[in-house]
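A short worksheet on the structure shown next.
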């Protein structure tokens, strides 16, 4: 029943934890099959590999046998061992490299110290016997018998096909008989390699499916994982609320740089900064709706920044321009009209201030354009 409830795909955090424990979807059959094919093709491409070394070893063996007795102190074992190493080293290195590359391509490099930790339950005889006679062991046995049966069938087919020639080898010179047998052995080898490779491809799909099934999660596990990864919803909501408040305070501080504030008049408020000698176009330093719009207007009035009522322009600026961006070219004319009005008002205010005291100083009430 618990497995039936695991219907959700694994989260990235669960996959990462599985990788840290060394759990990766890898097929052991694929590296073995590729290494086997690589070694077979290498020996077929270089049939004379080590032939000279073995000829020297046999020559020295005959010379030693004629001249003296072969004993433990004879150099013949060392010569034989060196010939074996020289012949087998390239083959083993090629197979090891191919197997390592195939394993790396399946899951990458995984360093999991947790997988190396001792597990006492593995030493329990009862558990070992239970695993030995489990369905998993039966599946592994069938996985081994199926490709083995295919290889036996191919071998039997080759032997049946060439049975007449096999009987004739007894009447042929040893060199020809040995060459013919090596050719048939190579044929059986590369066909067996292809069988193992095809089975390895199927095993890769089975391993990945089994791995994905083992990582499946219930709805509750997904929710808990999300909480641990992203945090509790209440905490995340509080963090977002604090971030909005910080952005709002920062935006209100930026209103002090504004040249003019364009309003809706109650729903939108957009603060523009423009310095002709420094800026090619006005820049939006703050904008807001409803409550934030009222705060921007209040901040502008407290700092004696002109507030101009222009509903179409305020809506267009709010929707088209983000904070910190310059206004688009299509709004240049409307904004220039407002700025020209303000510059004229400021010029009149300066002229009035230069005259002798009498008329009151001109302030900047909310203007409508």
Query - Selected residue [in contact with a strand residue (DSSP E or B) (Cβ under 9 Å, 6 or more places away or on another chain) and assigned to a loop (DSSP other than H, G, I, E, B)] from 276, 280 - result: 280
Query - Condition met for residue 25 (modelled with pLDDT of 70 or more, out of contact with any strand residue (DSSP E or B) (no Cβ under 7 Å at 6 or more places or on another chain), assigned by TED's automatic domain parsing to the domain that holds residue 212 and in a loop (DSSP other than H, G, I, E, B)) - result: yes
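Each row is one residue, and each column tells you yes or no for (1) in contact (Cβ under 8 Å) with a residue 12 or more places away in the chain; (2) more than 16 Å from residue 325 (Cα to Cα).
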residue: 244; (1), (2): no, yes
residue: 267; (1), (2): yes, yes
residue: 274; (1), (2): yes, no
residue: 281; (1), (2): yes, no
residue: 291; (1), (2): no, yes
residue: 294; (1), (2): yes, yes
residue: 299; (1), (2): yes, yes
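Listed here are the residues, each with its yes/no results for (1) assigned to a helix (DSSP H, G or I); (2) surrounded by 15 or more Cβ atoms within 10 Å (Cβ to Cβ); (3) at pLDDT 80 or above.
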position: 288; (1), (2), (3): no, yes, yes
position: 298; (1), (2), (3): yes, no, yes
position: 314; (1), (2), (3): yes, yes, yes
position: 342; (1), (2), (3): yes, yes, no
Report summary line: Pairing a residue in the range 140-161 that is in contact (Cβ under 8 Å) with a residue 60 or more places away in the chain with any residue that is in a helix (DSSP H, G or I), where Cβ atoms lie under 9 Å and the two sit 6 or more apart in sequence or on different chains, gives 143/29; 143/199; 143/203; 143/206
Report task. Inspect all residues belonging to the range 268-280 and state whether any of them is more than 22 Å from residue 332 (Cβ to Cβ) and modelled with pLDDT of 75 or more. Result -> no
Query - Check on residue 206, modelled with pLDDT of 85 or more, under 29 Å from the mean Cα position of the chain (by Cα) and in the same structural domain as residue 43 (by TED's automatic domain parsing) - result: no
**Report entry** Any chance residue 257 is modelled with pLDDT of 80 or more, in contact with a strand residue (DSSP E or B) (Cβ under 8 Å, 6 or more places away or on another chain) and closer than 30 Å to residue 272 by Cα
**Finding:** yes
Requested in this report: Select, from 283, 323, the only residue that is in contact with a helix residue (DSSP H, G or I) (Cβ under 8 Å, 6 or more places away or on another chain) and at pLDDT 80 or above.
Outcome: 323
Query raised in the report: Of all residues in the range 1-21, which are assigned to a loop (DSSP other than H, G, I, E, B), at pLDDT 75 or above and surrounded by 13 or more Cβ atoms within 10 Å (Cβ to Cβ)?
Result: 6, 10, 11, 21
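The values are calculated or read from the model by the stated rules, or taken from the named source; none is laboratory data. Only a predicted model underlies this, so the values are computations on that prediction, with no experimental measurement involved. Quick reminder, even Gly has a Cβ in these numbers, built from the backbone with ideal geometry, and neighbours come from all protein chains shown.
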